[in-house]
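Since every read-out is calculated from the coordinates, none of them should be taken as a lab result. Since the model is a prediction, treat every value here as computed from it, not as a measurement. Cβ atoms come from the backbone with ideal geometry, glycine included; neighbour counts cover every protein chain shown.
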Amino acid sequence: MKKVIIVGASSGIGYDLAKVFSTNGYEVGITARRLDFLEKLQKELPNKSYISKMDVADPAAARETLAKLVDEMGGMDILVLNAGIGDSKPSWEFEQQIIMVNMAGFTALANWAVKYFEQQGGGQIAGISSVASVRGTHIATVYSATKAYVSSYMEGLQQRSNRRKSNITITDIRPGFVATPMTQENKGMFWVASSHKAAKQIYSAIINKKRVVYITRRWWLVAQLIKSIPDFLWLRG
């Protein structure tokens, strides 16, 4: 039985993704800061599962937690890095928190997983970026910047893996608007997918070892449009 660990599984996409993996026969490890939410989720999973409290904003501790969870599960085939936060009008203090979770925490765990999979002889890392990674935006400046970092970092990891013939697949997941607790107060959203629908498409992308995928798929069109807008127009806001 294959084994997947989902970081950031207490709600939204991670919560539903754990259920999709478990339904499809995977042993699932789930982590988040809120242990009570994980315990609730664990009761809904049909296959064997493991839970572990993790604060991604503390990169050193998060790496230790991941290592212990992998050991408890007896291995790992797929790591899904779903933990992330954002805000449209953050203070510097909250911007710093976004950077710690979305960049420092993400990098710390991805770095650990790459070394683990290199020793194992293969594996897969799926990271949740965003359509917002395509260009900088005044609406969520630090969020889009951190997600651009996530996509760029994963592209570099894939290139390095290919050069080293490490047999590691890196999947960059770029969701558009998904109905989650983090987005429930956002205004002006369109093409909003349920977290269940998003999770099903993400699962399909992961098992088919896609490199980059937009969730839902129609957001690819939005990304291409955004990329095509000349700078002099985009920077007017």
### Query
Please state the relative contact order of the chain as a whole percent: Cα pairs under 8 Å, 6+ residues apart?
18
### Summary
Which of Lys2/Lys197; Lys2/Lys165; Lys19/Lys40; Lys19/Lys147 exceed 20 Å between C-alpha atoms? The answer is Lys2/Lys197; Lys2/Lys165; Lys19/Lys147
### Query
Angle, helix 219-228 long axis vs. longest principal axis of the chain, Cα atoms, 0 to 90°, nearest 10?
40
### Query
Expressed in nm², what is the orientationally averaged projection area of the convex hull enclosing the Cα positions of segment 3-234?
12.5
### Query
Mind checking the dipole of segment 1-156: about its Cα centre, +1 per Lys or Arg Cβ, -1 per Asp or Glu Cβ, Debye to the nearest 20?
220
### Task
Once you have a ≥ b ≥ c as the square roots of the Cα gyration tensor eigenvalues for segment 1-124, tell me rounded if a/c is under 1.5, and otherwise prolate or oblate according to whether a/b is larger than b/c.
oblate
### Query
Given labels modelled 7 Å from the Cα in the Cβ direction, how far is it in nm from Asn24 to Ser11?
2.6
#### Entry: Rounded tilt (10° steps) of 106-120 against the dominant C-alpha axis of the chain
40
## Note on the structure
In deg cm²/dmol, rounded to the nearest 500, the helical mean residue ellipticity at 222 nm of the chain, built from -39500 (n - 2.57) for every DSSP H run of length 4 or more, is -14500 deg cm²/dmol
### Message
To test your reading of the geometry: what angle, between 0 and 90 degrees and rounded to tens, separates the Cα axis of helix 141-164 from the longest principal axis of the chain?
### Response
50
